Amino acid sequence: MPRISSSEWEVMSVVWSREPLTAAEVFERLPSGHGWKQKTVNTFLTRLVSKGILEADKKGKAFLYSSTVAKEKCIQVESDSFLKRVFQGATGELMLHFCERADLTPDEIKELEQLLRAKKGRK
């Protein structure tokens, strides 16, 4: 699966939240502050279609954009790439790194403890 840039992730987050959407609807739903114009968003949408992440269906004068790849799959591919690139595949190191630096809530700590107990029980 092709890599998605940071800007494309922002666009995809909008599409995944409520699809299908026209390019104008995607533009309207993007968080303010990035300074993009509609034409910039159109370029991202075109790139995502060419990468096979989105499909565009003509509806009247506009195209309706919808995802062809689930958000969870994109997250899996991106996180696997990050793990290999930054931590050379060492999952334990990644987990320790983020656990040491993150401000975890008691509920998050409990969830992690449960996950680790379940992992330990499977071995």
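Quick notes on this one:
- Filtered residue count, segment 5-28, keeping only those that are outside any helix (DSSP H, G or I) and aliphatic (A, V, I, L, M): 1
- Residue list for segment 29-48, filter: over 18 Å from residue 61 (Cα atoms) and assigned to a helix (DSSP H, G or I): 29, 40, 44, 47, 48
- Residue-level check: of (1) modelled with pLDDT of 95 or more; (2) open to solvent by less than 40 Å² (accessible area, probe 1.4 Å), residue 81 misses just (1).
- Among the residues of this structure, residue 102 does not count as one that is surrounded by 12 or more Cβ atoms within 10 Å (Cβ to Cβ) and either among the small types (Gly, Ala, Ser) or under 30 Å from residue 119 (Cα atoms) (or both).
The values are calculated or read from the model by the stated rules, or taken from the named source; none is laboratory data. None of the values given here were measured: they were computed from a predicted structure. Glycine gets a Cβ as well: all are built from the backbone with ideal geometry, and neighbour counts include every protein chain shown. Just so you know, the surface numbers come from the protein's heavy atoms only, side chains and all, with ligands and any DNA or RNA stripped out. Shrake-Rupley method; radii C 1.70, N 1.55, O 1.52, S 1.80 Å.
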